[in-house]
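Novice: Before I ask anything, let me first share the structure, which is written out below as structure tokens.
Values quoted throughout were computed directly from the atomic coordinates according to the rules given, and no laboratory measurement underlies them. Quick caveat, the model's predicted, so the values are computed rather than measured. Here the Cβ positions follow ideal geometry from the backbone for every residue, glycine too, while neighbour counts run over all protein chains shown.
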Amino acid sequence: MPALESLSPNPTLAPAPYPHGRSPERLSLALRAGTGAAHEAVEHATGLPGSVATLAEYRACLAGFARVIGPLEQSLRAVPGFAAYGICLDERARMPALRADLRHLGIDADALAPVSPPRLGDLAAGLGALYVVEGSVLGGRVILDALSGRLGDEIAAAAAFFGGRGPRTGLLWQTFRAALDRFGEDHPGRASDVIAGAERTFDAFTAAFRAHPIAGGQP
């Protein structure tokens, strides 16, 4: 999904400065390079933004994200260590916006069959998973612009998820990427574990949208 340039973080955003004297390993760039195939699979599975032409398909689209993000965010909260890198999961949660959008569209997010979340054994895998979710915020506005041009007022009151975080979007991505790169500097041997966590998360999105395609609009 050009959409999930949502799921493909923008490398042009300048990273925050690092407190250490030496230049850190750019784990964020290694992640982008190492997860290309998994990201492409999600793009094919969703087909966004072109796959959404009706309100029913918009409902199905949001439901697909909720099936993954709901259980994923629960799993992330069980992973210790985010706070040590300045990451507050509550301020980054996507499910409240999804839940509100779905409620407006007549869907109870809790009634959707969830996709099993990826295995997140530790902070390395958790950072990989969060990389996918955080990256998905960046392209949301592009998706929303395309869908609003097609559906207009039909989705205007149910656009919080794709609307992202407004003016804070760039700052929150920068701070996450800085934290990710600091982790890479602190744990240079864990890059493959972070990448594996991200790949498993991409795979969960792919599975959700293959099992419940957007086309036809069945949430």
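Novice: Need the full-extension length gain, Ala53 to Glu40, defined as separation in residues times 0.36 nm minus the C-alpha distance. One decimal, nm. Could the numbers behind the result be given before it?
Specialist: On the way: separation 13, 0.36 × 13 = 4.68 nm, distance 2.15 nm.
Stretched out fully, the Ala53 to Glu40 stretch lengthens by 2.5 nm.
Novice: Of the trypsin sites (Lys or Arg not before Pro) in segment 96-158, which ones lie in a loop per DSSP and count no more than 14 other C-beta atoms within 10 Å?
Specialist: Numbers: sites: Arg99, Arg103, Arg119, Arg141, Arg150; in loops: Arg119.
Sites meeting the loop and neighbour criteria: Arg119.
Novice: Kindly put Ile214, Ile69 in sequence by how many other C-beta atoms sit within 10 Å of each C-beta, fewest to most. Intermediate values should be presented prior to the final figure.
Specialist: On the way: Ile214 26, Ile69 29.
Lowest to highest Cβ neighbour count: Ile214, Ile69.
Novice: Can you list the residues of segment 149-185 with backbone N under 15 Å from a point 7 Å past the Cα of Ala84, pointing along Cα to Cβ?
Specialist: Answer for this model: 179-185.
Novice: In deg cm²/dmol and to the nearest 500, what is the mean residue ellipticity at 222 nm of the chain if only DSSP H runs of at least 4 residues count, each as -39500 (n - 2.57), divided by the residue total? Can you show the working numbers first?
Specialist: Working: 10 runs with 127 residues, N = 219.
Mean residue ellipticity, 222 nm, calculated: -18500 deg cm²/dmol.
Novice: Work out, step by step, the length gained on full extension between Arg168 and Asp110: first 0.36 nm times the residue separation, then minus their alpha carbon distance; give nm to one decimal.
Specialist: Details: separation 58, 0.36 × 58 = 20.88 nm, distance 2.79 nm.
Between Arg168 and Asp110, full extension yields an extra 18.1 nm.
Novice: Another question, if that's okay. Just the Cα atoms of the chain, one point each, no solvent: what log10 I(q)/I(0) does Debye give at q = 0.07, 0.13 Å⁻¹?
Specialist: -0.20, -0.68
Novice: Given a 10 angstrom Cα cut-off, can you work out which residue in Ala204, Ala124, Ala84 is the most mobile in a GNM of the chain?
Specialist: Fluctuation is largest for Ala84.
Novice: Quick one: plug the Kirkwood hydrodynamic radius of segment 60-111 (C-alpha pairs) into Stokes-Einstein at 25 °C, 0.890 mPa s, and report D in µm²/s. If you can, show how the numbers build up before the last one.
Specialist: On the way: Rh = 11.9 Å.
Here the translational diffusion coefficient equals 207 µm²/s.
Novice: Rounded to two decimals, what is Rg over Rh for segment 87-165 when you use alpha-carbon atoms and the Kirkwood radius? Intermediate results must be reported in sequence, preceding the final value.
Specialist: Numbers: Rg = 14.3 Å, Rh = 14.1 Å.
We get a ratio of 1.01 for segment 87-165.
Novice: Treat the count of other C-beta atoms within 10 Å as a stand-in for reagent exposure and order Ser51, Ser136 from fewest to most. List each step's numbers first, then the result.
Specialist: On the way: Ser51 19, Ser136 26.
Final ranking by Cβ density, sparse to dense: Ser51, Ser136.
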